[in-house]
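Mind looking over this structure? Questions follow.
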């Protein structure tokens, strides 16, 4: 299949300088603050976004260099297929995070609960819409065991 | 910034042959069935995924050829910044959908509530984890007006 090319639209800054110190998910980030610097030519595309409380960041796991189809997760002492995990080392290392949008100043976005490494290239921003994302009757697969819920 | 290259890992089949007939979100798909054909070399990466009820598909809006920073939405008679919408015509046309996983057979996944055009290139699959995705105290921005909720 044809290669697909994307060009980062900005960069994500966070307090986390290495993957090791980066929280596994935004809920574990303890309110860490992030700053997203959008390239100025895209600023107009932020119009109306400040009315949403949460946004979804799509980004490239730029530190991911290779992947395995079966991954061992250090935090759960178990191994799983890569598509049953959120490991950053994937065939196409695309990441996404739901974060709280604090405010927008020009082409800069200030967010809370950031969970990505400082310097991560931003690919896209979409509004978070709970009535779409919230699904009922879900089961959690291998995560159910020992998962601490909310 | 450097270009980022991804290679599709599979293809998504759906009953929707054109963007015009494709539902705007999975909740509006009326239970449409989809079939995802993963390339066989990635099959091992599906291990354990069948224990999740819902999965997130990441894909390339392959019919998107251009974009505007301010978009007019036909279904709401309003215009908004591209990053405050889910329009497929975006700087980096990455889409994502939460769908119900019915079953997996080898490298084929059968899903319900598909909302993408037939033939869409698949970039990634991740498990849907409601305790992560579900955020409280959200506000819906411009969507709140006239949005019919669940």
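The values are calculated or read from the model by the stated rules, or taken from the named source; none is laboratory data. The structure displayed is predicted, hence computed values, not measured ones. Quick reminder, even Gly has a Cβ in these numbers, built from the backbone with ideal geometry, and neighbours come from all protein chains shown.
From the list A:69, A:49, pick out the single residue that is within 20 Å of residue A:126 (Cβ to Cβ), facing chain B (nearest Cβ under 7 Å) and in contact with a strand residue (DSSP E or B) (Cβ under 7 Å, 6 or more places away or on another chain).
Every option except A:49 fails the conditions.
Residue A:59 passes all but one of (1) under 19 Å from residue B:94 (Cβ atoms); (2) more than 12 Å from the chain's Cα centre (by Cα); which number fails?
So residue A:59 meets the others, but not (2).
Being assigned to a loop (DSSP other than H, G, I, E, B) and either more than 9 Å from chain B (Cβ to nearest Cβ) or more than 16 Å from the chain's Cα centre (by Cα) (or both) is the filter here, so list the residues in region A:72-88 that pass it.
Listed by number, the residues that qualify are A:74, A:75, A:76, A:77, A:87, A:88.
Now, a different point. Before we move on, is residue A:55 in a strand (DSSP E or B), buried (at least 21 other Cβ atoms within 10 Å of the Cβ), modelled with pLDDT of 95 or more and in contact with a strand residue (DSSP E or B) (Cβ under 8 Å, 6 or more places away or on another chain)?
no
Considering only residues that are over 21 Å from residue B:107 (Cβ atoms) and in contact (Cβ under 8 Å) with a residue 12 or more places away in the chain, look in region B:25-41 and name the one that is surrounded by the fewest Cβ atoms within 10 Å (Cβ to Cβ).
Once the filter is applied, the top-ranked residue is B:31.
Can you pull out every residue in region A:95-129 that is under 10 Å from the mean Cα position of the chain (by Cα) and within 19 Å of residue B:87 (Cβ to Cβ)?
Those that are under 10 Å from the mean Cα position of the chain (by Cα) and within 19 Å of residue B:87 (Cβ to Cβ): A:96, A:122.
Does region A:56-66 contain at least one residue that is in contact with a helix residue (DSSP H, G or I) (Cβ under 8 Å, 6 or more places away or on another chain) and either within 9 Å of another protein chain (Cβ to nearest Cβ) or farther than 30 Å from residue B:78 by Cα (or both)?
Yes, there is a match, as at least one residue in region A:56-66 is in contact with a helix residue (DSSP H, G or I) (Cβ under 8 Å, 6 or more places away or on another chain) and either within 9 Å of another protein chain (Cβ to nearest Cβ) or farther than 30 Å from residue B:78 by Cα (or both).
Any idea which of (1) within 11 Å of chain B (Cβ to nearest Cβ); (2) within 18 Å of the chain's Cα centre (by Cα); (3) under 20 Å from residue B:94 (Cβ atoms) is the one residue A:3 doesn't satisfy?
(2)
Just give me the residues in region B:94-150 being farther than 23 Å from residue B:17 by Cβ, modelled with pLDDT of 95 or more and not in a strand (DSSP E or B), in sequence order.
Answer for region B:94-150, where residues must be farther than 23 Å from residue B:17 by Cβ, modelled with pLDDT of 95 or more and not in a strand (DSSP E or B): B:106, B:107.
Here's another thing I want to ask about it. Identify all residues within region A:17-46 that are more than 22 Å from residue B:69 (Cβ to Cβ), more than 7 Å from chain B (Cβ to nearest Cβ), in contact with a strand residue (DSSP E or B) (Cβ under 9 Å, 6 or more places away or on another chain) and not in a strand (DSSP E or B); write none if there are none.
Scanning region A:17-46 gives A:26, A:29, A:31, A:32.
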